[in-house]
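The values are calculated or read from the model by the stated rules, or taken from the named source; none is laboratory data. As the structure is a prediction and not an experimental result, all values here were calculated from the model. Don't worry about glycine lacking a Cβ; one is built from the backbone with ideal geometry, like all the others, and counts go over all protein chains shown.
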Amino acid sequence: MTELLVETPDFARERALMAETWASPRGFIGWFTETGHKELGIRYIVTAFVFFLAGGIEAALMRIQLMKPENHFLGPDAYNQIFTVHGATMMFLFAVPVMEGFGVYLVPLMLGTHNVAFPKLNAFGYYIYLFGGVFLYTMFFLHAGPDAGWFSYVPLSGPQYSPGKRVDTWAQMITFTELSGLVVAVELLVTSFKQRCPGMSLNRIPLFVWSMIVVSFMIMFAMPAVMLDSTYLALDRLIGTQFFNRSEGGDPIFYQHLFWFFGHPEVYIIFIPGLGFTSSILTAFTGRRIFGYTAMVSTLVVTAFLGFSVWVHHMFATGLPQLGESFFTAASLMIVIPTGVQIFCWIATIWSGRLRIATPVMYVIGFFIVFIVGGLTGVMLAAIPINWQVHDTYFVVAHLHYVLIGGALFPLFGAFHFWYPKWTGRMFSEAMGQTSFWLLLIGFNMTFFPMHILGLHGMPRRVYTYQPGMGWTALNQVASFGAVFMALSVLTMMINFFVSKKKGRLAGANPWKADTLEWSLPSPPPVYNYVHVPTVSGLNAVWDAAPDQPYVTGMRFDRREVLVTKTLDAEPDHTEMLPGHSIWPFVLACTSFLGLWGAIFFAWWFSIGAVLSGIALIGWFWPTNEELHDHIVRESGEPGGTNVGAPEKHPA
Amino acid sequence: MFAIALPIQSALDAAGPQAARIHHLFLFFFWICVAVYVITILFFLVAIVRGRRRSIVEDNPANDRRLGIFVGTCSAVTVLALFVLLFSSVATGNAIGSLGKEKPAQFEIEVTGHQWWWEVKYPDAVTASNQITDANQIHIPIHTPILLRLDTRDVIHSLWIPNLHGKRDLIPGRVNKFWIEADKPGVYRGQCAEFCGYQHAHMALVVVAETPEEFARWKSHMSEGAPTPMTPEQTRGQQVFLGAPCANCHNVLGTDAYGTLGPDLTHFRSRPTLAAGQLLNTRGNLAGWIANAPAIKPGTLMPPNQLSGQEMNDLLAYLETLK
Amino acid sequence: MRTRLRGRAVLWLVIAMLAAVLVAACHREERALTPDAPYSQRARPVRVSDLQPGPKQLAATALENPYEGNAYAISQGQQLFDQYNCSGCHFHGGGGIGPALMDDEWIYGSSPTNIFMTISEGRPNGMPSYGGHIPDAQIWQLTTYVRSLGGFEPKGATAPRSDAMQARKSEEPK
């Protein structure tokens, strides 16, 4: 069934037609009209990676500052901005968008379709994210970066204690990036439920796609909470509402509830795609299907549900009623169970599979070694009395980096190496890949393991310096030294990727002998993905394919048609025409940005932005000639439209 | 010039029943977690070794059933361990909550957070005017449960004295309470644990745990006003103090200085540190602090003061009497 | 090529506009964490009236407020206003024992110089003289805050509310 094997008499002609139909726009303006999922997915990933480097530089600056007590390298003002921007960058501008980028790039490929369900929305999501990040960094470079922490607790972040536009910047940046998150969540959900190729019933969806589905649902419930919270904060700060003013009946604790109702699920939003990467990589490198597919999927769903019932463990020190707190302890402990089941299933998979070692697998091994530590310290943090001691100390700094770097960054770097041949068509240097892994593993543990001890020995978080004689100096120096190795690891990986892009040997379609549909395509995949929509007959699409695996015929090559299938069993339903290039997503992102950014400085900008956005939306929805023609054909009931009837399957 | 931390600040060195209970619970969790980690990683490594050696994939129903039993057993053990942990956590929480309900001898201390120092008050139930006000240190008698009432004048802070207890937030508009008790005499350091602005790093305090007799002596000393200046130098110094910005913000019992913006200075020379734990309380540090506090602690409300050498000397001479 | 050039032009225009906005924003965002305004700036005389006899209008002595339009100074001034008990007489700008500060009547003038002199030197009938008792930098912070109450400071630098009970709604005219 693989695309490479298909050779119908008209194949060359069809391929040329598809390449023309789905071609990317050209030129400088053209760059802003792109709606293809692979191009946008890569943009997401590259942009997020640039922000990751920025966040890493901030981390390095903090480590330099903390190398000795009462250091004057950074003052409190600079340090507060840097740690706030570091947190905000890593959470909002790197971790979530990079996972979304992978989703946007891979999900349509894995499902056997041509593009995501709403290509223009996809482009809009990217620009609004980009603007949010550029905005934050513009303010930061002007020495007006937010400085109240990535959580920006009121009243410290409120109008009285955070003058100027610093915290407003943070609040609007949240709106931008979470809007982008919601947009991607919507399109991935619709794509995953309606555009799967025939044969890919719910129980044959690759685990990575399942992880994106679960994450998308979580985003839809979690992101609005924080957007609401940051908007309330912005309103308090800009027009003097009283949401969080205790003297006028507001409540600062309410802020924390809303924030962590988002903030804890956010952790799962970040590392559940990591679980998906791990499953993909392990399947390919053990050569067997994942043991306990149903358990894997259901535990993902359970994690998503439980993830919404544990937020109060970030607030145990605020003095809530004890019985209520115990409930959240129980929930926080319970969430270990689904993750535990996943880990046991992976062990079972490795146990009974035939494991090949390569860089992606090394990163998965690193994921196990590091992430389980983070999970277990998480168990400690769930216990209220222990939490009272270690909350807001370096113990928590260690814990959260073990969870996020272990649970998300290790699998992510594994995924970079795993899909690198697919993106570029070339192999990276295995030696350099493994070097970067060892540097990261050693550097990471050197940097963050001592922080557990620092926290227990009384070092609080978010301090710009500490005093001599506290016994914290040596461990801080070890931590700062370890950061050098982490920087070297990232550098090695980047050099490896840059050099291999030109000089690496050709990868071919499926260098890892992996199982999901994207490996049936040439590397890099053509702009249209599949000439003919494929069909699948098992969970591991490539492995289970018959030599004469059918594919879908009867779809037009001269317009951007995708096959829409039924939600449960993916039976063909109808075809739908996707929009092509459009400048309007970019224009709408500009006008929204103008309105939201301007509102920080002058309330009327919001109205101006709204009117301009309205105009942009009219442009967005203005039908093309092709769409008008389709509409007339459909209304008049004349035959000839392609939207009539389902295409048939023909054996090749 | 900076304070050497004579007192200790560690969650692993309990000096009272609350911290000791948490420490025990922590050790219990810690060893269980270590065991879980070792076992899991062991399984993982064995799986890798077996997986590497294997020549064909074992993917058949019989083998899957065995693996299912493995996963099921591991999950069941996990659930069991979690229940044990949950019960031990709740039991410790209840034990911590019960302090103060058993012993009759106890009293209350009010701690108010300011950016970036701690105001400590010992209310007197009989005569309200006998209330003692102090800053950045808490004196407590040992073997006595103390109820701390926590409030804040500005943003959220969090009081954390790891040797005695975990932390509790100071939140505007609500009074948080918690109980501490010290078992052995000593000086324990505490620090603000909720990010509160520029000088969050320099917002420390010490808890001085002493025998009830020592504590009573300290208390009666604290309720006295400041001594009258004796030497001409000290008298001139007092005039500098009352005329310069000092008196607008600081209170000295028995003089016309009754500012409440900064720490009470009536007995401030008896505190071990200056500037909320940042500097040792020496004459030199004090002079530097008065001359240019913002240079030492950027963001502080304590302004720089332009005093002549003579004025500074007199002022220091006067301030050193405030013991 | 043509679209390329036009695209570049648009790009530069956007960059120039952004730069203009940003430069204006810089002073507002500065933070004087270590204030060091000298005491000696208390020069006089300062005219408190715009009316002068005769045809020739003499220039008034003006002191320069280092914190004009600075958000951090306004915020610090707001804290000091409560802490030095200015609110004891003026309440939160609405007036009581002392005159209101949020209306447009200024007995001794509303310029930064006038307000600085009012706080520093005092005025008859009850306004104490704070000069020398509090540092000049703080008097300037108070001046800037008081001017923000009167609506003389840019809105972008002024917090629309404090964390206290509110004397008036934020949208009521100043």
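Which of the following residues is in contact (Cβ under 8 Å) with a residue 12 or more places away in the chain, touching a helix residue (DSSP H, G or I) at 6+ places or on another chain (Cβ under 7 Å), more than 14 Å from every other protein chain (Cβ to nearest Cβ) and crowded, with 24+ Cβ neighbours inside 10 Å: A:SER180, A:SER152, A:SER157?
A:SER180
Would you tally the residues in segment C:96-135 being within 18 Å of C:SER75 (Cα to Cα) and at pLDDT below 85?
Looking only at that region, the number is 3.
Determine whether segment B:163-174 contains at least one residue that is surrounded by fewer than 20 Cβ atoms within 10 Å (Cβ to Cβ), in contact with a helix residue (DSSP H, G or I) (Cβ under 9 Å, 6 or more places away or on another chain) and under 22 Å from B:THR92 (Cα atoms).
Scanning segment B:163-174 turns up no residue that is surrounded by fewer than 20 Cβ atoms within 10 Å (Cβ to Cβ), in contact with a helix residue (DSSP H, G or I) (Cβ under 9 Å, 6 or more places away or on another chain) and under 22 Å from B:THR92 (Cα atoms).
Taking into account only those residues within segment C:62-80 that are closer than 15 Å to C:THR118 by Cβ and more than 14 Å from chain A (Cβ to nearest Cβ), which is modelled with the highest pLDDT?
The selected residue is C:ASN65.
Would you be able to say whether some residue in segment A:262-271 is assigned to a helix (DSSP H, G or I), touching a residue at least 40 places away in the same chain (Cβ under 8 Å) and charged (D, E, K, R)?
Yes.
Could you identify the single residue in A:LEU61, A:LEU17, A:LEU74 that is surrounded by fewer than 18 Cβ atoms within 10 Å (Cβ to Cβ) and closer than 30 Å to A:GLY469 by Cβ?
Sole residue among the options that is surrounded by fewer than 18 Cβ atoms within 10 Å (Cβ to Cβ) and closer than 30 Å to A:GLY469 by Cβ: A:LEU61.
Can you name the residue in segment A:233-257 that is touching a Gly at 6+ places or on another chain (Cβ under 7 Å) and assigned to a helix (DSSP H, G or I) and, of all such residues, is farthest from C:GLY156 (Cα to Cα)?
By that ranking, first place goes to A:ARG246.
Looking at segment A:398-411, can you tell me whether even one residue there is in contact with a Lys or Arg (Cβ under 7 Å, 6 or more places away or on another chain), within 23 Å of A:ASN80 (Cβ to Cβ) and assigned to a helix (DSSP H, G or I)?
No, segment A:398-411 has no match at all.
Being farther than 20 Å from A:ILE347 by Cβ, facing another protein chain (nearest Cβ under 9 Å) and either surrounded by 18 or more Cβ atoms within 10 Å (Cβ to Cβ) or within 19 Å of the chain's Cα centre (by Cα) (or both), is that true of even one residue in segment B:110-124?
yes
Counting residues that are more than 10 Å from every other protein chain (Cβ to nearest Cβ), farther than 30 Å from B:LEU164 by Cα and free of Cβ contacts under 8 Å to residues at least 12 places away in the same chain, which helices (runs of 4 or more DSSP H) fully inside segment B:210-319 reach at least 1?
Here the list reads B:232-243, B:309-319.
Conditions tested, residue by residue: (1) crowded, with 21+ Cβ neighbours inside 10 Å; (2) over 22 Å from the mean Cα position of the chain (by Cα).
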{"residue": "A:PHE395", "(1), (2)": "yes, yes"}
{"residue": "A:LEU409", "(1), (2)": "yes, no"}
{"residue": "A:PHE413", "(1), (2)": "yes, no"}
{"residue": "A:TRP438", "(1), (2)": "no, yes"}
{"residue": "A:ASN445", "(1), (2)": "no, yes"}
{"residue": "A:TYR464", "(1), (2)": "yes, yes"}
{"residue": "A:TRP472", "(1), (2)": "yes, yes"}
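Against the definition (within 14 Å of chain A (Cβ to nearest Cβ) and of a type in the set (Val, Ile, Thr)), how does C:THR144 come out, yes or no?
Against the criterion (within 14 Å of chain A (Cβ to nearest Cβ) and of a type in the set (Val, Ile, Thr)), C:THR144 qualifies.
Quick one: would you say C:ARG31 is out of contact with any His (no Cβ under 6 Å at 6 or more places or on another chain), of a type outside the set (Gly, Ala, Ser), under 20 Å from B:LEU301 (Cα atoms) and modelled with pLDDT of 75 or more?
For C:ARG31, the condition - out of contact with any His (no Cβ under 6 Å at 6 or more places or on another chain), of a type outside the set (Gly, Ala, Ser), under 20 Å from B:LEU301 (Cα atoms) and modelled with pLDDT of 75 or more - is met.
Could you say whether any residue in segment B:176-195 is surrounded by fewer than 19 Cβ atoms within 10 Å (Cβ to Cβ), within 11 Å of chain A (Cβ to nearest Cβ) and touching a residue at least 12 places away in the same chain (Cβ under 8 Å)?
For segment B:176-195, residues surrounded by fewer than 19 Cβ atoms within 10 Å (Cβ to Cβ), within 11 Å of chain A (Cβ to nearest Cβ) and touching a residue at least 12 places away in the same chain (Cβ under 8 Å): present.
Report, by residue number, each residue of segment A:566-619 that is part of a loop (DSSP other than H, G, I, E, B), of a type in the set (Gly, Ala, Ser) and surrounded by 16 or more Cβ atoms within 10 Å (Cβ to Cβ).
Hits for segment A:566-619 are A:ALA570, A:GLY580, A:SER582.
Would segment A:468-480 turn up any residue that is in contact (Cβ under 8 Å) with a residue 60 or more places away in the chain, over 24 Å from A:PHE368 (Cα atoms), in contact with an Asp or Glu (Cβ under 9 Å, 6 or more places away or on another chain) and not hydroxyl-bearing (Ser, Thr, Tyr)?
yes
Take the residues of segment A:46-102 that are part of a loop (DSSP other than H, G, I, E, B) and of a type outside the set (A, V, I, L, M, F, W, C): which is nearest to the chain's Cα centre (by Cα)?
A:GLY75
With the checklist (1) more than 7 Å from every other protein chain (Cβ to nearest Cβ); (2) surrounded by fewer than 15 Cβ atoms within 10 Å (Cβ to Cβ); (3) closer than 26 Å to A:GLY353 by Cα; (4) modelled with pLDDT under 95 in hand, flag the one item B:VAL38 doesn't pass.
(4)
Among the residues that make up segment A:122-144, is at least one of them outside any helix (DSSP H, G or I) and surrounded by fewer than 22 Cβ atoms within 10 Å (Cβ to Cβ)?
The answer is yes; a qualifying residue exists.
Would you check if there is a residue in segment A:357-368 being over 19 Å from A:PHE448 (Cβ atoms) and either assigned to a loop (DSSP other than H, G, I, E, B) or free of Cβ contacts under 8 Å to residues at least 60 places away in the same chain (or both)?
Among the residues of segment A:357-368, at least one is over 19 Å from A:PHE448 (Cβ atoms) and either assigned to a loop (DSSP other than H, G, I, E, B) or free of Cβ contacts under 8 Å to residues at least 60 places away in the same chain (or both), which makes the answer yes.
Go through (1) β-branched (Val, Ile, Thr); (2) more than 28 Å from B:ALA216 (Cβ to Cβ); (3) at pLDDT 90 or above; (4) surrounded by fewer than 19 Cβ atoms within 10 Å (Cβ to Cβ) one by one and return the number of the condition B:ILE56 breaks.
Tallying (1) β-branched (Val, Ile, Thr); (2) more than 28 Å from B:ALA216 (Cβ to Cβ); (3) at pLDDT 90 or above; (4) surrounded by fewer than 19 Cβ atoms within 10 Å (Cβ to Cβ), B:ILE56 fails exactly one: (3).
Take segment A:348-377 and flag every residue that is among the small types (Gly, Ala, Ser), closer than 28 Å to B:THR92 by Cα and facing chain B (nearest Cβ under 10 Å).
The one that is among the small types (Gly, Ala, Ser), closer than 28 Å to B:THR92 by Cα and facing chain B (nearest Cβ under 10 Å): A:GLY375.
Would you mention how many residues in segment B:131-144 are surrounded by 21 or more Cβ atoms within 10 Å (Cβ to Cβ) and either in a loop (DSSP other than H, G, I, E, B) or without any contact (Cβ under 8 Å) to a residue 40 or more places away in the chain (or both)?
Of the residues in segment B:131-144, 1 are surrounded by 21 or more Cβ atoms within 10 Å (Cβ to Cβ) and either in a loop (DSSP other than H, G, I, E, B) or without any contact (Cβ under 8 Å) to a residue 40 or more places away in the chain (or both).
Where the second residue is at pLDDT below 95 and not in a helix (DSSP H, G or I) and the first is within 9 Å of another protein chain (Cβ to nearest Cβ) and lies in segment A:326-347, which pairs have Cβ atoms under 7 Å and are six or more apart or on separate chains?
That search, which allows pairs on different chains as well, returns A:THR329/A:ALA383; A:CYS345/A:ILE290; A:CYS345/A:PHE291; A:CYS345/A:GLY292.
Pull up segment B:145-162, narrow it to residues that are closer than 27 Å to B:TYR258 by Cβ and crowded, with 24+ Cβ neighbours inside 10 Å, then point me to the one that is nearest to the other protein chains (Cβ to nearest Cβ).
Checked segment B:145-162; the qualifying residue nearest to the other protein chains (Cβ to nearest Cβ) is B:VAL155.
Which condition number does B:LEU82 fail, the rest of (1) among the aliphatic types (A, V, I, L, M); (2) within 27 Å of B:TYR198 (Cα to Cα); (3) without any contact (Cβ under 8 Å) to a residue 40 or more places away in the chain being met?
(2)
Do any helices (runs of 4 or more DSSP H) entirely within segment C:53-158 hold 1 or more residues that are under 19 Å from A:TYR161 (Cα atoms), and if so, which?
Here the list reads C:71-83, C:87-90, C:136-149.
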